[in-house]
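Have a look at the structure below before the remarks.
The values are calculated or read from the model by the stated rules, or taken from the named source; none is laboratory data. Predicted, not measured: the structure shown is a model, and the values here were computed from it. Neighbour counts run over all protein chains shown; Cβ positions are idealised from the backbone, glycine included.
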């Protein structure tokens, strides 16, 4: 893994453990190519941050700040190491070790972010013996504070599994799809609040 472009372009990132699925370099490259001039000076939130690759890429390309939210302690520590190794730890930003939904419940300011990256675990078994699964992408899109966290022109960049059902885009909050692309097993949606 590496930073693709910007001030830290070409520098390596330490990947998370094998239980965490990082966004591949080519997928990150495609995401940031789509975002273009929206990245410089953007206030970024990286939910389910993993290695921090998405937020770090944004900082490298000129984002004004980044907040990383990762619930696993060792992985949150890895984000800090990656920020140090890319020398982006000097820029405004924080690493919050907590559940993404708890962060949205407690710490989101209205209009606080221009870009929100969210790469939740793919369909997750919660009670394997009963066959129940949790669609975290769907749960995220219906969280009322997610849309409130976005500025007026803000975008949500959501990575989910290509084969999982399309997350709910109408209830209780309406989202408009600006881009919907598949990259191998990953599906990348760029969304904004519907007016």
ask   = Which members of the stretch 154-169 meet the condition of being over 10 Å from residue 193 (Cα atoms) and at pLDDT 90 or above?
value = 157, 158, 159
Meets criteria (within 17 Å of residue 154 (Cβ to Cβ) and in contact with a helix residue (DSSP H, G or I) (Cβ under 6 Å, 6 or more places away or on another chain)) for residue 108 = yes
key: Pick from the stretch 124-153, criterion in contact with a helix residue (DSSP H, G or I) (Cβ under 8 Å, 6 or more places away or on another chain) and at pLDDT below 90, ranking: surrounded by the most Cβ atoms within 10 Å (Cβ to Cβ)   = 139
key: Test result for residue 110, in a loop (DSSP other than H, G, I, E, B) and modelled with pLDDT of 95 or more   = no
request  = Please enumerate the residues belonging to the stretch 33-56 that are assigned to a helix (DSSP H, G or I) and under 17 Å from residue 13 (Cα atoms).
outcome  = 53, 54, 55, 56
key: Residue count, the stretch 57-104 (criterion: touching a residue at least 40 places away in the same chain (Cβ under 8 Å) and in a helix (DSSP H, G or I))   = 14
